[in-house]
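Inspection log for the structure reproduced underneath, given as C-alpha cells.
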Amino acid sequence: MGSRRYDSRTTIFSPEGRLFQVEYALESISHAGTVVGILAPGPSAKPFVASDQSTDAMAVDDPSAATGSTSTSTAPAQSESAKKKEEEARAEREKKYPPPHRTGLVLAAEKKVTSKLLEKEKGSSEKLFLVNGNVITGVAGYNADANSLVSYARNAAQGHLAAYDEDMPVEQLVQKMCDLKQGYTQFGGLRPFGVSFLFAGHDPHHQFQLYASDPSGNYSGWKATCIGANNSTAQSLLRQDYRDDIGLDEAIGLALKVLSKTMDSTSLDSEKLELATLTVDEATGLPFAKIYKPHEIDAALEREGLAKKPETEATQTIP
C-alpha cells in the first residue's frame, strides 16, 4: 500500500507499522556529508585473542577437521606464518606511528560548502562543534536543525555544570537530546529533526565514549562508526582496519583514509575536511577538545600521503 495516505503526519502509523516522516528524515541523512568517529583506546586496551583450544562444536563446522593428520601438520606452519605477518604489520605501524600511543577520540567530517571566500579560521565550522569541555559532536543533515540542537545540548551541559559543579556525563547528555528528538516524532504539528549526530566525550564514569544518534531519537555506543553519505562503505573499511589497541595518531590516519575512499572528490585538503580530537591532559587529568585549524589538517593529510598535489607539480607530470 502506498505511503500517500500516511505520510502527512508523524503521528499516523501505516498498516505496516511504519512512520514515513521519520523514514524520510533518516533518508535525508544519507545525502549529507560523511562524518567518521573512531575511539582510540591505545595500548592499555586488551584486544580479543582467540583461544588455541577449539571445542567439538567448532571442529564440526571446520572443513579442515575432516582431513585428519594433514591439517594437524599444517596448522603450526600456518600459525607461524600468521604470527610473522602480524609482527611485520606491527613493526610497520610502529615505524609510521612511533610510541607512546595516545588514547582519545577522533571525529573527521566532509564539508559540503566549500569556497575560497570562506573565512576558515573564524566561525566557518559546518560539521564539528564543541558542546562542552568534555564533549564534541559531528553532524550530518540539515545544519539549521543541527545548530538548534547543539545550542540545546550546550544549555543542558552548562545547566548541569552550574547545578552540580561537574561536567555532565556523556550518555546523560546524549539521552537528554534524544528525548527531545523523539518527542518531535510523537506529537502532532511537529516534524522530525533532519540531522544525525556523533558524540565524542569523556567522563570519569566510563572514560572515552562514542555515541551515534539519528532523527528518530535512537542512540547507540560505538568503537568506530560513520554517518552520512556512503556510510556502508565507510563501515566496511572501519571493520577491516580497526583494532582494539589503536592509538590516536593511527586513528586520525584511519579516519582520513576512510574519508578519502568515500568522498566524491579525488583529492583532499583543508577546504573539504574538518577534524577534531578529544584527549585527556596528562597534567590536569581533564578532557581537552581540539578542533584542528586548516594548516593542521593539511599537515595531517601530508603525513598520511593524502594531501592534494600543488597545481605546478600536477602540470609538470602531464606529458
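The values are calculated or read from the model by the stated rules, or taken from the named source; none is laboratory data. Keep in mind that this is a model prediction, so the values were computed, not measured. Quick reminder, even Gly has a Cβ in these numbers, built from the backbone with ideal geometry, and neighbours come from all protein chains shown. Side chains included, ligands, DNA and RNA excluded: accessible areas come from the protein's heavy atoms. Shrake-Rupley method; radii C 1.70, N 1.55, O 1.52, S 1.80 Å.
Could you say whether any residue in the range 103-117 is in a helix (DSSP H, G or I) and in contact (Cβ under 8 Å) with a residue 12 or more places away in the chain?
For the range 103-117, residues in a helix (DSSP H, G or I) and in contact (Cβ under 8 Å) with a residue 12 or more places away in the chain: absent.
Would it be correct to say that Lys261 is under 25 Å from Gln235 (Cβ atoms), touching a residue at least 12 places away in the same chain (Cβ under 8 Å) and open to solvent by 20 Å² or more (accessible area, probe 1.4 Å)? Criteria met by Lys261.
Among the residues of the range 220-230, those identified as at pLDDT below 90 and open to solvent by less than 60 Å² (accessible area, probe 1.4 Å) are Gly228, Ala229.
If the condition is being open to solvent by 10 Å² or more (accessible area, probe 1.4 Å) and in a helix (DSSP H, G or I), then the range 30-44 contributes Pro43, Ser44.
Determine whether the range 280-287 contains at least one residue that is at positive phi and modelled with pLDDT under 85. So far as the range 280-287 goes, yes, one or more of its residues are at positive phi and modelled with pLDDT under 85.
Of the residues that make up the range 210-219, is at least one touching a residue at least 60 places away in the same chain (Cβ under 8 Å), open to solvent by less than 10 Å² (accessible area, probe 1.4 Å) and in a strand (DSSP E or B)?
yes
Could you please find all residues in the range 170-209 being of a type in the set (A, V, I, L, M), open to solvent by less than 50 Å² (accessible area, probe 1.4 Å) and touching a residue at least 40 places away in the same chain (Cβ under 8 Å)? Answer for the range 170-209, where residues must be of a type in the set (A, V, I, L, M), open to solvent by less than 50 Å² (accessible area, probe 1.4 Å) and touching a residue at least 40 places away in the same chain (Cβ under 8 Å): Val170, Leu173, Val174, Val195, Leu198, Ala200. In the range 110-119, the count of residues that are under 24 Å from Ile246 (Cβ atoms), out of contact with any helix residue (DSSP H, G or I) (no Cβ under 8 Å at 6 or more places or on another chain) and surrounded by fewer than 19 Cβ atoms within 10 Å (Cβ to Cβ) is zero.
Filtering the range 111-131 to residues that are within 24 Å of Val170 (Cβ to Cβ) and modelled with pLDDT under 90 leaves Ser125, Glu126, Lys127. More than 17 Å from Lys127 (Cα to Cα), small (Gly, Ala, Ser), in a helix (DSSP H, G or I) and open to solvent by 50 Å² or more (accessible area, probe 1.4 Å), is that true of Ala251? Criteria not met by Ala251. When the range 279-306 is filtered for residues that are surrounded by 15 or more Cβ atoms within 10 Å (Cβ to Cβ) and β-branched (Val, Ile, Thr), the ones remaining, listed by number, are Thr279, Val280, Ile291, Ile297.
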